[in-house]
Amino acid sequence: MSDNVRVHIGTPEDMGRRFVDAWHRAERGEAVSETNVTFRDLEALLAALTPRRLHLLPQPPGAQHQSARDRTPPQLQECP
């Protein structure tokens, strides 16, 4: 499993395409190590990833150790 989680907003069909693509890569013998989470819309994403929950996510390597209460939440990056 990857240390990174890709968060998507999309349809069940989008999620299914990613699953089938990973399945085919695994069948070809490629290493598949990825974690994807798909939300149906921005409202569902924001309901799940509240600021308080974002504080619980691990810090990036090299970041100064701070308690979850004192640190800023990690930045979200757009994935292709």
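Each value in this text was obtained by applying a stated rule to the coordinates, not by laboratory testing. Because the structure is a prediction, the values reported are computed rather than measured. Cβ sites come from the backbone with ideal geometry, for glycine too, and all protein chains shown count toward neighbours.
A few points about this structure:
Residues are listed down the side, and each one gets a yes or a no for (1) hydrophobic (A, V, I, L, M, F, W, C); (2) on the phi > 0 side of the Ramachandran plot; (3) touching a Pro at 6+ places or on another chain (Cβ under 9 Å):
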{"residue": "GLY29", "(1), (2), (3)": "no, yes, no"}
{"residue": "ALA44", "(1), (2), (3)": "yes, no, no"}
{"residue": "ALA48", "(1), (2), (3)": "yes, no, no"}
{"residue": "LEU57", "(1), (2), (3)": "yes, no, yes"}
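- Close contacts from the range 19-36, counting a first residue that is exposed (fewer than 10 other Cβ atoms within 10 Å of the Cβ) and a second that is charged (D, E, K, R), with Cβ to Cβ under 9 Å and a gap of 6+ residues or different chains, come to ALA31/ARG25.
- Subset of the range 1-13 that is within 30 Å of PRO61 (Cβ to Cβ) and free of Cβ contacts under 8 Å to residues at least 60 places away in the same chain - its residue that is surrounded by the most Cβ atoms within 10 Å (Cβ to Cβ): GLY10
- The number of residues in the range 37-47 being surrounded by fewer than 11 Cβ atoms within 10 Å (Cβ to Cβ) and not charged (D, E, K, R) comes to 2.
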